[in-house]
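Peer 1: Encoded as structure tokens, here's the structure I'll be asking about.
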């Protein structure tokens, strides 16, 4: 019920009061992870009422557009690094380098065993490894676009470290991790749709959001899942703390974050 | 996932709907999604000032959040009707049939949500008409049209998002937009579209005029536009 959803979000908001951004991010991950695990069950079937309740910004202070863009950049850094470690082949988008996208990725595998054996579900015939490289380049393009928009305000990639555990050990691990990252990206952008003030930035963020949703859908198709979360008719906006709880296991260090 | 051979109930035709007593301004369904309706109530109502077409349910230019939601409702009614007929046609199989059944349910739910949000400004299936011609003669032609409709929906929602004044409505429209984007990628995949499931790093917005032109170009609309 929506009351339960509100309680969980309130719990998150109270938990972060009075703690500096970095400490609250790192320390809150474990507790908030429980809330995130519950959220899909609570939200399932309640549609627009919950969406509106979350979209009003009542659950956390409105972030500035710059903060929101850095929040997006953090998630795009995470995604771009993930796919570059899965596939380091071929040319990167103009302006990007392996070191720039993944400065601490010296031991990254650069490939995923078994991925070339994964086939698209009939009647689709697209190449799965080719698709993964396309997604990689999309995420790198998003990084470049956000860095370009933020200029000197951009958080530095070198101040983050990411660890994806066993995600690159098998095609199944990789695809399932990709799905988590993409579905999380969708909820993150949606959660800020009501907070962006600049309509130009809103349009650009929306055009990235749509692509994250398309990525998520395609990974779901490859995994034999419904293309929407729980086969629902709405995606769910999430707060910064919910999103960072979902992404937190992959982030081993970060700069002081201006959110949540 | 739904069994493609036994499509589930269509949202909007089940017990989650409550029909209000008849009377002025209350002819439409009222959903339990009352949060949306409440948020939209502050928008006020505007009578239709038709664009010359006596049966048009949408008017360009879009001048308010209500206008935008009505435009969205028209597109969702088009999509819902397309998938209801497509699933019922019996020409779809396997993963395509399962996807079409899911998408049918999603679009019908979007119709419900938009009608609930629009309240007395809403319209319904009786106010629009669609003829999909030979589209359901084969799975291939179904897929081609499905891709076109979803991509048009994606462009339409993205184009409208920055114009939505209410932040709550903007978020809700965004949460429908991403579902349309998910549909578009899946149909692109099954349709083996050039460029693959996700052809670009950015989705392109469409203006309302571009959306109307794309919809008119299908030749499917017999009433409502």
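Peer 1: If I model a spin label at residue A:199 and residue B:141 as a point 7 Å from the Cα along the Cα→Cβ vector, what separation in nanometres do I get?
Peer 2: Rounded to a tenth, the inter-label distance reads 4.1 nm.
Peer 1: Can you quote the Å³ per residue value for the convex hull of the Cα atoms in region B:83-139, rounded to an integer?
Peer 2: It is 67 Å³ per residue.
Peer 1: How far apart, in nm, are the 7 Å Cα→Cβ label points at residue B:194 and residue A:119?
Peer 2: Output for this residue pair reads 2.6 nm.
Peer 1: When the convex hull of the C-alpha atoms of region B:94-225 is computed, what volume per residue in Å³ does it have?
Peer 2: 121
Peer 1: From a point 7 Å beyond the Cα of residue B:209 in the direction of its Cβ, which residues of region B:150-187 have a backbone N at a distance under 17 Å?
Peer 2: Under cut-off, by backbone N: B:156, B:159-160.
Computed from the coordinates by the stated procedures, all read-outs in this text should not be read as laboratory data. Source: prediction; values computed, not measured. Here the Cβ is made from the backbone with ideal geometry for all residues, glycine too, and neighbour counts use every protein chain on show.
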